[in-house]
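Engineer: Below: one structure in structure tokens.
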Amino acid sequence: MAEKLLEIKNLQTHFKSDRGVVKAVDDVTITVNKGETVGVVGESGCGKSVTSLSVMRLLKDTPGKIVGGTIEFEGKDLAHLSEKEMRLIRGNDIAMIFQEPMTSLNPVYKIGRQIEEAVMLHLKYDKKQAREHAIKMLKLVGIPRAEEIVDEFPYQLSGGMRQRVMIAMAMACNPKLLIADEPTTALDVTIQAQILDLMRNLSKERGTSIMMITHDLGVVAEMCDRVVVMYAGKVVEEADVFTIFENPKHPYTEGLLNSVPKLGQKIKRLESIPGNVPTPGNMPQGCKFAPRCGKVMDICTKQDPELKMIDKDHTCRCWLYQESGVLEV
Amino acid sequence: METPLVEVKNLKKYFPKKKGLLGGNKSYVKAVDDVSFTIRKGETLGLVGESGCGKSTTGRMLMKLLDPTEGQILFEGQDITGLSDNQIRTIRKEFQMVFQDPYASLNPRMKVGEIIEEPLIVHGYPKEKRQERVLHLLEVVGLSAYHADRYPHEFSGGQRQRVGIARALAVNPKLIIADEPVSALDVSIQSQILNLLKDLQEEFELTYLFIAHDLSVVEHISDRVGVMYLGKIVELTDKETLYKEPLHPYTKALLSAVPIPNPRLKRERILLKGDIPSPSNPPSGCTFHTRCPFATEECSKKVPKLKEIAKGHFVSCHLY
Ligand SMILES: Nc1ncnc2c1ncn2[C@@H]1O[C@H](COP(=O)(O)OP(=O)(O)O)[C@@H](O)[C@H]1O
Ligand SMILES: Nc1ncnc2c1ncn2[C@@H]1O[C@H](COP(=O)(O)OP(=O)(O)O)[C@@H](O)[C@H]1O
Ligand code: SF4
Ligand SMILES: [Mg+2]
Ligand SMILES: [Mg+2]
């Protein structure tokens, strides 16, 4: 039986501005079990990053606020922890890596110092132990000349190397959960292959769970055990990776899979989803996908479907798979 | 054989590097270093490779936005490298470009209708017919008359790319150079634009040079594909052969590195060591030898030539 590590339930994170409320995350439910890699996919603006920032409680400097739902992690509700309590978890039990390594690397600190600070704080290492640990971590992620690089600055490294340093930093305190937000999107494909390989090996060796945020369905197929598909701030489907790719139920998931050209597949035309992703100020009524959906029905444009269990470990938010409720007017 | 639409011969672009504090010898970034290929009428030639390998620089030289350091560009058999601005004017209209970032390439202060009309004015399209042409072009790319009076910022990424394509089509070019035209778009929008490009090619008998770093996209849209590494074409052939029988070790590694959206597929992956070297200081011999799993001594010493080892299949590697 899979053991739950992180359980995000009905999360809502909204941004207030003069022009109204942007419901960036509006009913997101994601479970990550121990040792598992869960993919979160969806097109830009669907709320993937805001979901991860909510889990890390890194919204302080934004107008964003968690306004509903819970984020359970080892018996605690992260959504309601104080900043002080959160600081003991961040970088320790849960670590995060970003698309742009400089988001988490400080340009004016030497690489070693950035890793040392975290392990001195969380693992209570002394200066000497911390430095040894930093060098060990750099070696672990495949940095050549780790003993020298530890005294260099981030700008002296290539993009791929910086990504490795960020992973070394994130893994330094042996987190239970690693949240990776588009970790390879900015990298070239041969470098991406190296980094994905590294992440896979680290998580296997250490039993780290990964929440892998990406828009690349190839990366998902390769890395993930389970997949969560998001659209316009909501989870629309969730299942194991084979079910998502071979038996998707939500019309959006299906459309997304048919949109990507696949290497070696000879087809003249790709299927495509008509129209555009709705903008926050222009959210349609009812199902957010209705204006682009080929299977749209009357009810879809009136009432939002719920995320329902449609099979064992397979959820879907679509009127095709649920009884229409009584229309509340 | 029919004269190819474009023929590129031994094209080079060396950018002078800013001198360091110590001055010293003048050094260059060898962005494009001896590249030759042809583009046949009506085909799509894909150029693929990792960032910095010289794809955009090649495209910009074809567009005459950059002057080559060396080499020739022939358009319908005529050498256009040495032509003056005046002589080039009539030919220039046959080349149009579509860019990666449609937003950066569209003037934010101009209405979309004006943006599409601009090349018509430049190339002397009759005034009384211009409005009609603009509306027609909007329709061709899947927009409508309603969009003519809007500004670029009111459009989504995919719609802006449609505007960019409409503008490129305005003066009936023969060749469209598309530089990463779908790289910035979400997958569902990317497929719309790829389909649009295919439809337009058929309708207007266009020839494409399609530049991208995404192998799956390039394979989908191209008839033939050239693979670039550090300013050189290392392999060039039709897309079926390239995918089924890649010969160059770099092509093999590149193909094996692309994640494929099929969780059952377990492939042997060729993991390349290290980073891409800098084009300002490329390795000796075969520039790929520092990362190549098959490199021999010869590879670090001798520059391999691009050889046609089967009909239409060009490879630059000492193994062949
Ligand atoms: N700091 C912010 N202020 C206002 N709106 C924001 C902010 N950050 C994100 N958003 C909005 O939240 C939505 C989801 O964004 P995000 O989670 O970054 O999407 P994704 O990561 O899936 O591309 C977007 O509509 C975005 O405009
Ligand atoms: N105007 C320029 N001046 C100096 N170097 C340049 C210039 N344009 C491109 N380069 C360099 O030439 C190389 C090839 O660049 P580019 O053609 O843009 O590659 P690609 O499009 O394949 O990513 C890179 O190393 C780039 O930094
Ligand atoms: S609820 Fe209706 S509109 Fe939404 S995805 Fe399902 S069928 Fe399509
Ligand atoms: Mg994001
Ligand atoms: Mg480029």
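Engineer: Could you tell me whether A:GLU306 is more than 14 Å from chain B (Cβ to nearest Cβ) and of a type in the set (Asp, Glu)?
Structural biologist: Here the answer is yes, as A:GLU306 does meet what is asked.
Engineer: Let me ask you something else. Exactly one condition in (1) buried (at least 21 other Cβ atoms within 10 Å of the Cβ); (2) closer than 23 Å to A:PHE73 by Cα; (3) among the aliphatic types (A, V, I, L, M) is false for A:LEU256; which is it?
Structural biologist: Among (1) buried (at least 21 other Cβ atoms within 10 Å of the Cβ); (2) closer than 23 Å to A:PHE73 by Cα; (3) among the aliphatic types (A, V, I, L, M), the lone unmet condition for A:LEU256 is (2).
Engineer: Still on this structure: Given the residues B:ILE276, B:ILE260, B:ILE309, B:ILE270, which is the only one that is more than 16 Å from ligand 3 (Cβ to nearest atom) and in contact with a strand residue (DSSP E or B) (Cβ under 6 Å, 6 or more places away or on another chain)? Spell out how you get there, then give the answer.
Structural biologist: On the way: B:ILE276 fails: in contact with a strand residue (DSSP E or B) (Cβ under 6 Å, 6 or more places away or on another chain); B:ILE260 fails: in contact with a strand residue (DSSP E or B) (Cβ under 6 Å, 6 or more places away or on another chain); B:ILE270 fails: in contact with a strand residue (DSSP E or B) (Cβ under 6 Å, 6 or more places away or on another chain).
Just a single option satisfies the conditions, and that option is B:ILE309.
Engineer: Given the conditions (1) touching a residue at least 24 places away in the same chain (Cβ under 8 Å); (2) more than 12 Å from every other protein chain (Cβ to nearest Cβ), which single one is not true for A:ARG292?
Structural biologist: It fails just one condition, (2).
Engineer: For residues that are in contact (Cβ under 8 Å) with a residue 40 or more places away in the chain and away from ligand 4 (no atom under 16 Å from the Cβ), tally how many sit in the range A:41-86.
Structural biologist: Qualifying residue count, the range A:41-86: 12.
Engineer: Hey, could you check the range B:187-199 for residues that are in contact with a Leu (Cβ under 7 Å, 6 or more places away or on another chain) and touching a residue at least 24 places away in the same chain (Cβ under 8 Å) and say which is nearest to the other protein chains (Cβ to nearest Cβ)?
Structural biologist: Looking at residues that are in contact with a Leu (Cβ under 7 Å, 6 or more places away or on another chain) and touching a residue at least 24 places away in the same chain (Cβ under 8 Å), I get B:LEU194.
Engineer: Scanning the range A:167-177 for residues that are of a type in the set (A, V, I, L, M) and surrounded by fewer than 24 Cβ atoms within 10 Å (Cβ to Cβ), which turns out modelled with the lowest pLDDT?
Structural biologist: A:MET171
Engineer: Do we find a residue being in the same structural domain as A:LYS48 (by TED's automatic domain parsing), in contact with a Cys (Cβ under 7 Å, 6 or more places away or on another chain) and more than 16 Å from ligand 1 (Cβ to nearest atom) anywhere in the range A:227-241?
Structural biologist: So far as the range A:227-241 goes, yes, one or more of its residues are in the same structural domain as A:LYS48 (by TED's automatic domain parsing), in contact with a Cys (Cβ under 7 Å, 6 or more places away or on another chain) and more than 16 Å from ligand 1 (Cβ to nearest atom).
Quick grid of which residues meet (1) away from chain B (no Cβ under 12 Å); (2) within 16 Å of ligand 4 (Cβ to nearest atom); (3) more than 13 Å from the chain's Cα centre (by Cα); (4) among the aromatic types (Phe, Trp, Tyr):
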residue: A:THR208; (1), (2), (3), (4): yes, no, yes, no
residue: A:GLY218; (1), (2), (3), (4): no, no, yes, no
residue: A:MET223; (1), (2), (3), (4): no, no, no, no
residue: A:MET230; (1), (2), (3), (4): yes, yes, no, no
residue: A:GLU237; (1), (2), (3), (4): yes, no, yes, no
residue: A:PHE242; (1), (2), (3), (4): no, no, yes, yes
residue: A:HIS250; (1), (2), (3), (4): yes, no, yes, no
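Engineer: Next question. Filter the range A:39-65 down to the residues that are of a type outside the set (D, E, K, R) and in contact with an Asp or Glu (Cβ under 7 Å, 6 or more places away or on another chain), then identify the one that is farthest from ligand 1 (Cβ to nearest atom).
Structural biologist: It comes out as A:SER52.
Engineer: Now for a different question. Quick one: what pairs do we get from the range B:48-69, first residue aliphatic (A, V, I, L, M), second within 16 Å of ligand 3 (Cβ to nearest atom) and in a loop (DSSP other than H, G, I, E, B), C-beta under 8 Å, 6+ apart or different chains?
Structural biologist: So the pair list comes out empty.
Engineer: Next up: Scan B:ALA104, B:ALA184 and give me the residue that is modelled with pLDDT under 95, within 29 Å of A:LEU217 (Cα to Cα) and within 14 Å of chain A (Cβ to nearest Cβ).
Structural biologist: B:ALA184
Engineer: Are there any pairs, at least 6 apart or on different chains, whose C-beta atoms fall under 9 Å, with the first in the range A:270-286 and more than 8 Å from chain B (Cβ to nearest Cβ) and the second surrounded by 18 or more Cβ atoms within 10 Å (Cβ to Cβ) and hydroxyl-bearing (Ser, Thr, Tyr), and if so, which?
Structural biologist: Partner pairs satisfying both residue conditions: A:GLY275/B:SER188.
Yes/no per residue for (1) at pLDDT 95 or above; (2) closer than 21 Å to A:GLN192 by Cα; (3) more than 8 Å from chain A (Cβ to nearest Cβ):
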{"residue": "B:GLY226", "(1), (2), (3)": "yes, no, yes"}
{"residue": "B:ILE233", "(1), (2), (3)": "yes, no, yes"}
{"residue": "B:ASP238", "(1), (2), (3)": "yes, no, yes"}
{"residue": "B:HIS248", "(1), (2), (3)": "yes, yes, yes"}
{"residue": "B:THR251", "(1), (2), (3)": "yes, yes, yes"}
{"residue": "B:ALA257", "(1), (2), (3)": "no, yes, no"}
{"residue": "B:ILE260", "(1), (2), (3)": "no, yes, no"}
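Engineer: For the range B:213-233, indicate whether the set of residues that are among the hydrophobic types (A, V, I, L, M, F, W, C) and within 27 Å of B:GLU117 (Cβ to Cβ) is non-empty.
Structural biologist: no
Engineer: Could you list all residues from the range A:237-253 that are surrounded by 22 or more Cβ atoms within 10 Å (Cβ to Cβ) and within 30 Å of A:ASN201 (Cα to Cα)?
Structural biologist: Residues satisfying the conditions are A:GLU237, A:GLU238, A:ALA239, A:ILE244, A:THR253.
Engineer: Which count do you get for residues in the range A:271-291 that are at pLDDT below 95 and among the basic types (Lys, Arg)?
Structural biologist: The total comes to 0.
Engineer: Additional query: Taking only the range B:46-60 into account, find how many residues are at pLDDT below 95 and either of a type in the set (Asp, Glu) or away from ligand 5 (no atom under 13 Å from the Cβ) (or both).
Structural biologist: Going through the range B:46-60 one residue at a time, the tally reaches 1.
Engineer: Filter the range A:84-99 down to residues that are closer than 18 Å to A:ILE210 by Cα and of a type in the set (D, E, K, R), then give me how many there are.
Structural biologist: Qualifying residue count for the region: 2.
Engineer: Follow-up. Within the range B:35-66, restricting attention to residues that are charged (D, E, K, R) and farther than 25 Å from B:VAL303 by Cα, which residue is farthest from ligand 2 (Cβ to nearest atom)?
Structural biologist: Among those that are charged (D, E, K, R) and farther than 25 Å from B:VAL303 by Cα, it is B:LYS41.
Engineer: Output the number of residues of the range A:28-52 satisfying the condition of being within 14 Å of chain B (Cβ to nearest Cβ) and either within 16 Å of ligand 2 (Cβ to nearest atom) or among the hydrophobic types (A, V, I, L, M, F, W, C) (or both).
Structural biologist: Of the residues in the range A:28-52, 3 are within 14 Å of chain B (Cβ to nearest Cβ) and either within 16 Å of ligand 2 (Cβ to nearest atom) or among the hydrophobic types (A, V, I, L, M, F, W, C) (or both).
Engineer: Now a separate question. Quick one: which strands (runs of 3 or more DSSP E) lie wholly within the range A:198-269 and hold at least 2 residues that are touching a residue at least 12 places away in the same chain (Cβ under 8 Å) and under 15 Å from B:PRO259 (Cα atoms)?
Structural biologist: A:209-214
Engineer: Of the conditions (1) within 29 Å of B:PRO261 (Cβ to Cβ); (2) touching a helix residue (DSSP H, G or I) at 6+ places or on another chain (Cβ under 7 Å); (3) not in a loop (DSSP other than H, G, I, E, B), A:ALA134 fails just one. Which one is it?
Structural biologist: Evaluating A:ALA134 over (1) within 29 Å of B:PRO261 (Cβ to Cβ); (2) touching a helix residue (DSSP H, G or I) at 6+ places or on another chain (Cβ under 7 Å); (3) not in a loop (DSSP other than H, G, I, E, B) leaves (1) as the failure.
The values are calculated or read from the model by the stated rules, or taken from the named source; none is laboratory data. Quantities reported herein were computed from a predicted structural model and do not represent experimental measurements. Note that we place each Cβ from the backbone using ideal geometry, even for glycine, and neighbour counts take in every protein chain shown.
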